[in-house]
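The values are calculated or read from the model by the stated rules, or taken from the named source; none is laboratory data. Remember, predicted model here, so these are calculated numbers, not experimental data. For neighbour counting, all protein chains shown are included, and Cβ atoms are generated from backbone atoms with ideal geometry for every residue, glycine included. To get the accessible areas, we keep the full protein, side chains included, count just its heavy atoms, and leave off ligands, DNA and RNA. Shrake-Rupley method; radii C 1.70, N 1.55, O 1.52, S 1.80 Å.
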Amino acid sequence: MAATVLVLTALEDVTADWVIAALNERGVPVVRVDPADIGPELSFGFRLGAQGPGWQGRLRTPSRELELEQVGAVYYRRPTPYADRFRQLPPQQRAFAAAEARHGLGGVLNSLRGAAYVNHPAAVMRADFKPAQLQLAARLGLSIPPTLVTNDVEAGRAFAAEHPRVICKTFRGPPRARTGTPGRSGRNGWIPRRSTRRSR
């Protein structure tokens with residue numbers, strides 16, 4: 001039996017849909033899982049011991065079952081945060097449950113022997129910092145515009161005086177509003193995008 005590609009992503013991820021469609025066209029076995037479905041929608045039992053140094057066991061969803069030994073590759077593409085699964089819990093319990101899920105289920109899924117990851121969560125985390133990205137790009141010989149990272153107003157003014165055309169960027173983007181929608185900066189702090197729309 002051909003090795004299975006395990007796709008770890010959110011249900012509504014369109015890019016993952018395209019990848020899965022392409023794999024299906026090539027006859028590659030695919031199983032799609034959102035780790036944040038942990039619970040009745042996603043159960044598992046993993047063992048490590050006498051059978052060897054790799055994790056063994058089974059993932060179950062309402063429609064599929066997958067033996068870990070069948071996984072030849074993992075496509076990791078923005079799965080739902082574990083905390084979203086437990087958002088109905090009080091904050092301390094939510095943090096505890098999300099951490100247990102991430103370190104338990106996530107820990108196993110991130111440690112599959114012989115599986116090729118695109119991309120491994122640890123690599124995604126390392127690449128998530130813009131200063132590190134810029135430094136690596138510069139080291140590889142790419143052209144990087146003069147860049148300043150600062151919280152010093154005077155340093156910012158001096159940089160702007162030296163470089164008349166300046167672009168200011170956030171590192172992570174605005175936080176989500178309480179409704180879960182993306183936000184943007186307003187006079188009184190971060191406000192939901194939808195509240196700023198105006199009719200034409």
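Of the numbered conditions (1) at pLDDT 95 or above; (2) surrounded by 13 or more Cβ atoms within 10 Å (Cβ to Cβ); (3) among the charged types (D, E, K, R), GLU154 fails exactly one; give the number of that condition.
Condition not satisfied by GLU154: (2).
Across the stretch 1-12, which residue is least open to solvent (accessible area, probe 1.4 Å) among those that are touching a helix residue (DSSP H, G or I) at 6+ places or on another chain (Cβ under 9 Å) and more than 17 Å from LEU112 (Cβ to Cβ)?
ALA10
I need a count of the residues in the stretch 111-127 that are open to solvent by less than 70 Å² (accessible area, probe 1.4 Å) and within 15 Å of the chain's Cα centre (by Cα).
Counting residues in the stretch 111-127 that are open to solvent by less than 70 Å² (accessible area, probe 1.4 Å) and within 15 Å of the chain's Cα centre (by Cα) gives 7.
In this structure, is VAL108 open to solvent by less than 70 Å² (accessible area, probe 1.4 Å), touching a residue at least 60 places away in the same chain (Cβ under 8 Å) and either within 22 Å of ALA10 (Cβ to Cβ) or out of contact with any Asp or Glu (no Cβ under 6 Å at 6 or more places or on another chain) (or both)? Before you say what the answer is, go through the steps one by one.
Numbers: open to solvent by less than 70 Å² (accessible area, probe 1.4 Å): yes; touching a residue at least 60 places away in the same chain (Cβ under 8 Å): yes; either within 22 Å of ALA10 (Cβ to Cβ) or out of contact with any Asp or Glu (no Cβ under 6 Å at 6 or more places or on another chain) (or both): yes.
When the stated conditions are applied, VAL108 passes them.
Name the residue, out of ALA101, ALA97, that is in a helix (DSSP H, G or I), open to solvent by less than 30 Å² (accessible area, probe 1.4 Å), under 19 Å from GLU41 (Cα atoms) and in contact (Cβ under 8 Å) with a residue 60 or more places away in the chain. Walk me through it before giving the result.
On the way: ALA97 fails: in contact (Cβ under 8 Å) with a residue 60 or more places away in the chain.
None of the other options fit; the residue is ALA101.
I'm trying to understand the selection: among the residues of the stretch 11-53, which are small (Gly, Ala, Ser) and over 24 Å from the mean Cα position of the chain (by Cα)? Explain how you work it out, then say what you get.
Taking the stretch 11-53 as the starting set, the residues that turn out to be small (Gly, Ala, Ser) are 16, 21-22, 27, 36, 39, 43, 45, 49-50, 52.
Within the stretch 11-53, GLY27, GLY49, ALA50, GLY52 qualify.
Condition test on ARG32, is it closer than 20 Å to HIS120 by Cα, basic (Lys, Arg) and in contact (Cβ under 8 Å) with a residue 60 or more places away in the chain?
no
Assuming PRO175 fulfils every condition listed in (1) at pLDDT below 75; (2) over 30 Å from ALA123 (Cβ atoms); (3) loosely packed, with under 13 Cβ neighbours inside 10 Å apart from one, which condition is it?
It fails just one condition, (2).
Being at pLDDT 85 or above and out of contact with any Cys (no Cβ under 9 Å at 6 or more places or on another chain): is that true of ALA137 here?
yes
Among the residues of the stretch 6-23, write down those that are in a helix (DSSP H, G or I) and touching a residue at least 12 places away in the same chain (Cβ under 8 Å).
Correct list: THR15, ALA16, VAL19, ILE20, LEU23.
How many residues, within the stretch 59-89, are open to solvent by 80 Å² or more (accessible area, probe 1.4 Å) and of a type outside the set (Asp, Glu)?
7
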